[in-house]
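Data block below; observations after.
The values are calculated or read from the model by the stated rules, or taken from the named source; none is laboratory data. These figures come from a predicted structure and were not determined experimentally. Don't worry about glycine lacking a Cβ; one is built from the backbone with ideal geometry, like all the others, and counts go over all protein chains shown.
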Amino acid sequence: MKKLKKLATDLIELFQSPDYKAMSKKELAHRLCVEKEELDEVLNPMLEREFIFFKRGRYETAAKKKKKEKIIGKISVHSKGFGFVTVVEPKNFGSDVFIPPPFILGAVEGDTVEIKLHEKDPPSAKGPEGEVIKIVKRRQNRLVGTIYKILPKKHALVYVPLLGTSKTVIVKKSPSRKYAVGDRLLLGVVKWPKDKHSDLECKFVSHLGTIFDPEIDHQVAAIEFDIPTNFSEKTKKEAKAFGKAIKNQDYKNRKDYTKLETFTIDPKTAKDYDDALSLVIDEEGRIHLYVHVADVSHYVEEGSMLDEEAVLRGNTTYFPGHAFPMLPEELSNELCSLKEGVARLTATVHMIFNKSGELQHHSFEKGVIKSAKRFTYEEAKEVLDQKIPSKHYKTLKNLENLYHLLKKHKLERGCVDLSTDENVLKIDSHGVPTDVYVVQYDITHKIIEECMLKANELVAKELRKRLSPAIYRVHEKPDSENLAEFYRFANSLHLKLPEEPTIDDIQKLFQEVEGTNLQKRLTTQYIRSMKLAAYSDEPIGHFGLALTDYTHFTSPIRRYVDLIVHRQLFDPSYRPHVKFIATNCSETERRSFKAENSVLNLKKLRYLKKLQESKSYEEFDATITKVRANGLIFDLNFLSFEGFIHIASLEKEYFHYSDRAACFVGENSKKKLYVGMAIKVKIEYVDLLFQECRWKIVEY
């Protein structure tokens, strides 16, 4: 009885605390250090007296229940019609809110919206779900679209990717231009429709080219997603003023690492080199690892034009064959780039490990380096394989040995190795996709990744230790529903998992498929089950890396957060507005990701159209990744391209959908179509106007 009374008192104090926010039973039990079952005897009477309420799987107080706050946030809209709202009011709301396609209310990417939540019992494992009830503020009144039909009065119908196919968009005829099917236009919204059934009327602003010209894909995407493409004259003048070489006074108060063996390892296509490595083994056998990162903060000072334009971009945006940099080329490709044979300023993390790979000491120094060699990943791999001679072989081999030690510790803390090869489109100088090649995620990629991860982790630990506001790279745990879908996928590949897998079970699963043709499929599906990483001023940890402390430090040429972290690390008095920067950089990163994906998908469609026109009979290997009531979603193995087949197109027999088993079952044959199943598909038609591909399943 005394124990129950104390538990009730503790609960009341927790509920009445001003900073209390709704918690699940599991969270309450964890907070009060009791078992979940013990809470029932105390919570049930409180619910009956309406002292607390149970809503969306969480317990909230009566005071909060009565206070109906408006829920305001920014919406991110997927091309398939659904969206997610990141709530800004009320503060500390928690997770994003999922908005199903019928409840978008005509909102487009970046709009500020008011939403209401849907009551679900039981609550969805994917988190809260709701609907848009009001567009508070439009992010923009300009849209980009492609004309697909000319109307009798010379008006035109336009497909706008940001709105999808559900919204009819009409552009009024222009006295200055004659329209043609395939024209890509910048449109001005005349008036947003009051309801989802009304058409959207637009006016002509400018002609961007045609959908049949692949050379302009990146330029159109930059306009569509509001990616800055040019620097002001003042900014370029600031960048040019630094010259092309570091000055004598720049050496002051810096460690001279120019005699240290140092090199970079980057992709073939890289034009800027953020980071370089050095490794020395001392007489006691201790391993000294130096991660040298370009000291961009030396040149880009707070409040400068360079700084203002960098925060506007947030990051470099990379398209196939083209990039829009965060900083002018005078810095990004020259003075800040750790090029071979020239002195460069760095922020260096010096780490000392024992023979077992355990960190014994580390320090952060401003330095000067001179890279002795610019390796591509392929060259470094050939050196390690002793296919070509190099004076850097011994150091590369020592880096490989250190990687294996660090990987061992990484697995021990619960990290899953998600490294996999990548299918990459080859793009010519005119933006035309010409081939697909595989970039192998070999040991050289893993060495660089592990060294950078360690540097980022140590910088995050240092910032948190200082107890001052900072920016962290965070990654929440996946929803149980998404994980369950991944488990079904793994089981469908005959990779058995227990009913409630632990992280050890998942690690063993990936070790089992390493080097097999299942590795890429499994890795892709596991990544899809995860939430997106973001920036935050709260160190809530990184699930994917199994780290409590993590930030971004190693790429200040292409990420604004890294630049801020550099300033904070070496100037403890520096106090940036971390919450604003974290939010802004999360948004610019998401915007760039969407723009990059839109161009990449269009390039893949162009390549598929080319294949369909030259080899219309060709069949492709694919893997079913999702089963929905109306059809199958699959991944095209050689291209990493997602396709959809409507179940009605299966002509041999009628298939019944089984929600419970997440599969289709043939009425006569009892043949099953399930997640993870290998199939063969054929292209029926590639429509560039609507940027879609129609498929037919030919073997299952």
Residues being surrounded by fewer than 20 Cβ atoms within 10 Å (Cβ to Cβ) and in contact (Cβ under 8 Å) with a residue 12 or more places away in the chain - total across the stretch 238-262
15
Take K454 and tell me if it is under 23 Å from the mean Cα position of the chain (by Cα) and either outside the structural domain of Q568 (by TED's automatic domain parsing) or among the charged types (D, E, K, R) (or both).
yes
Does D195 satisfy the criteria of being out of contact with any strand residue (DSSP E or B) (no Cβ under 7 Å at 6 or more places or on another chain) and of a type in the set (D, E)?
yes
Unique residue being in contact with a His (Cβ under 9 Å, 6 or more places away or on another chain), buried (at least 17 other Cβ atoms within 10 Å of the Cβ), of a type outside the set (D, E, K, R) and touching a residue at least 60 places away in the same chain (Cβ under 8 Å) when the list is L602, L632:
L632
Answer yes if at least one residue in the stretch 271-280 is touching a helix residue (DSSP H, G or I) at 6+ places or on another chain (Cβ under 7 Å), over 15 Å from H350 (Cβ atoms) and either among the charged types (D, E, K, R) or not assigned by TED's automatic domain parsing to the domain that holds V383 (or both), and no otherwise.
yes
Residue check, S332 surrounded by 15 or more Cβ atoms within 10 Å (Cβ to Cβ) and of a type outside the set (F, W, Y):
yes
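Matching residues to (1) part of a helix (DSSP H, G or I); (2) not assigned by TED's automatic domain parsing to the domain that holds K410:
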{"residue": "F510", "(1), (2)": "yes, yes"}
{"residue": "T516", "(1), (2)": "no, yes"}
{"residue": "T523", "(1), (2)": "yes, yes"}
{"residue": "P539", "(1), (2)": "no, no"}
{"residue": "D549", "(1), (2)": "no, no"}
{"residue": "F580", "(1), (2)": "yes, no"}
{"residue": "R606", "(1), (2)": "yes, yes"}
Which listed residue, of P572, P576, P556, is assigned to a loop (DSSP other than H, G, I, E, B), out of contact with any Leu (no Cβ under 8 Å at 6 or more places or on another chain) and within 24 Å of H350 (Cα to Cα)
P572
How many residues are touching a residue at least 24 places away in the same chain (Cβ under 8 Å), more than 26 Å from H118 (Cα to Cα) and within 40 Å of the chain's Cα centre (by Cα) when one looks only at the stretch 7-37?
4
Looking at K268 and the list (1) closer than 21 Å to V383 by Cβ; (2) at pLDDT 95 or above, which single condition is not satisfied?
(2)
Looking only at the stretch 650-673, decide whether some residue is among the hydroxyl-bearing types (S, T, Y), under 20 Å from N637 (Cβ atoms) and assigned by TED's automatic domain parsing to the domain that holds T625.
no
Please go through (1) β-branched (V, I, T); (2) part of a loop (DSSP other than H, G, I, E, B); (3) surrounded by fewer than 18 Cβ atoms within 10 Å (Cβ to Cβ) for I527 and return the number of the only condition it doesn't satisfy.
(2)
Starting from residues that are more than 23 Å from R591 (Cα to Cα) and of a type in the set (A, V, I, L, M), keep the ones in the stretch 170-204 and report whichever is farthest from the chain's Cα centre (by Cα).
A180
Please note which strands (runs of 3 or more DSSP E) are completely contained in the stretch 634-700 and include at least 3 residues that are within 25 Å of T523 (Cα to Cα) and either in contact with a strand residue (DSSP E or B) (Cβ under 8 Å, 6 or more places away or on another chain) or of a type in the set (G, A, S) (or both).
641-646, 672-674, 678-687, 692-699
State yes or no: is R177 farther than 16 Å from V108 by Cβ and either touching a Lys or Arg at 6+ places or on another chain (Cβ under 9 Å) or at pLDDT below 95 (or both)?
yes
Complete set of residues in the stretch 164-185 that are more than 24 Å from F82 (Cα to Cα) and not hydroxyl-bearing (S, T, Y):
V171, K172, K173, P175, R177, K178, A180, V181, G182, D183, R184, L185
Residues of the stretch 400-433 that turn out to be touching a Leu at 6+ places or on another chain (Cβ under 8 Å) and among the polar types (S, T, N, Q), as a count:
1
For the stretch 413-505, give me every one of the strands (runs of 3 or more DSSP E) that falls completely inside it and has 3 or more residues that are at pLDDT below 95.
422-427, 433-439
If you go through the stretch 15-31, how many residues are surrounded by 16 or more Cβ atoms within 10 Å (Cβ to Cβ) and part of a helix (DSSP H, G or I)?
4
The stretch 536-555, residues that are among the aromatic types (F, W, Y), at pLDDT 95 or above and touching a strand residue (DSSP E or B) at 6+ places or on another chain (Cβ under 6 Å):
Y550
Which pairs do you get when a residue that is closer than 20 Å to L143 by Cβ, found in the stretch 98-116, comes within reach of a residue that is of a type in the set (D, E), reach meaning Cβ atoms under 9 angstrom, with the pair 6+ apart or on two chains?
I99/E129; I99/E131; I104/E131; L105/E131; L105/D195; G106/D195; G110/D226; G110/E587
I need the full set of residues from the stretch 635-668 which are of a type in the set (G, A, S) and touching a residue at least 24 places away in the same chain (Cβ under 8 Å), in order please.
S640, G643, S649, A662
